[in-house]
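Below is one structure, written out as structure tokens; comments come after it.
What follows is calculated from the coordinates using simple rules that are stated; it is not laboratory data. No experiment lies behind these values; they were computed from the predicted model shown. Cβ: placed from backbone, ideal geometry, glycine included. Neighbour counts: every protein chain shown.
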Amino acid sequence: MEVDDDMREQIERSARHLYGLVHARYVVTTRGLAKMMEKFKQGVFGKCPRVICESQHLLPMGQHDVPNVSNVKLYCAKCEDIYNPKSSRHNSIDGAYFGTSFHNILFQVYPALLPPKTQRRYEPRIYGFRVHASAALMRWQEEIRENMKERLRTRNISTGFETEDLDAAELVSDDEDDVEKDQEGIDDMFEAQVQVLR
């Protein structure tokens, strides 16, 4: 039986899709898990890009069991995060062809493969001194507050911070006046010393 090119292409696409769905079931069988374990040990699926994970091997996983929703992702068991594959060939594979449960089942069957969790975290430092966490939190809160006030101002809605903003503006202008007065006092002091020296 002869078929035209469009029909042949549709049949091949459907066959690939069927193979992918069968593959999702196969990888959670005993034989499938054994083969995937070997590939995981060899690092076939890549290594975690996070420095603190120290090149932990990755596993493929899907974010959905329904086809045509998202592409395959790579799961790191050390930091428990997921990453996009670097290879464009892997990026074109549907995540449903591995499913959402495969990596969890693999570590249930082979618990020795589960890497120890790390307590290490990157700590920002300035000249060797740790940046205090409250400083970052205060900067974030200040930024959120200013963004909120700006959004309210653009919609002509009272922010409730008007008096606080006016007080802050007056404080800034008072500080500038004090600086100018101090500068004038310093200038007068130098002029007096110059006259004494003459």
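Quick rundown of the values:
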| quantity | calculated |
| --- | --- |
| 5 angstrom amide H check on Phe45, placed H, neighbours 5+ away | Leu58 |
| Trypsin sites (Lys or Arg not before Pro) lying in DSSP loop within the range 98-158, provided at most 13 other Cβ fall within 10 Å | Lys117, Arg120, Arg121, Arg155 |
| Selection of trypsin sites (Lys or Arg not before Pro), the range 22-91, meeting DSSP coil and at most 13 other Cβ within 10 Å | Lys86 |
| Calculated from backbone phi, Karplus (6.51, -1.76, 1.60) coupling profile of the range 151-157 in Hz, x at Gly/Pro | 4, 5, 5, 5, 9, 6, 10 |
| Distance (nanometres) between label positions extended 7 Å along Cα→Cβ at Arg145 and Glu123 | 2.8 nm |
| Under 24 Å from the Cα of Lys78 - lysines, other chains or at least 8 residues apart | Lys35, Lys39, Lys41, Lys47, Lys86, Lys117 |
| Spin-label pair Asn68/Ala15, simplified geometry with 7 Å Cα→Cβ offset, distance in nm | 2.0 nm |
| Residues Arg130 and Arg8, FRET efficiency given R0 of 45 Å [Cβ-Cβ distance, rounded to 0.05] | 0.10 |
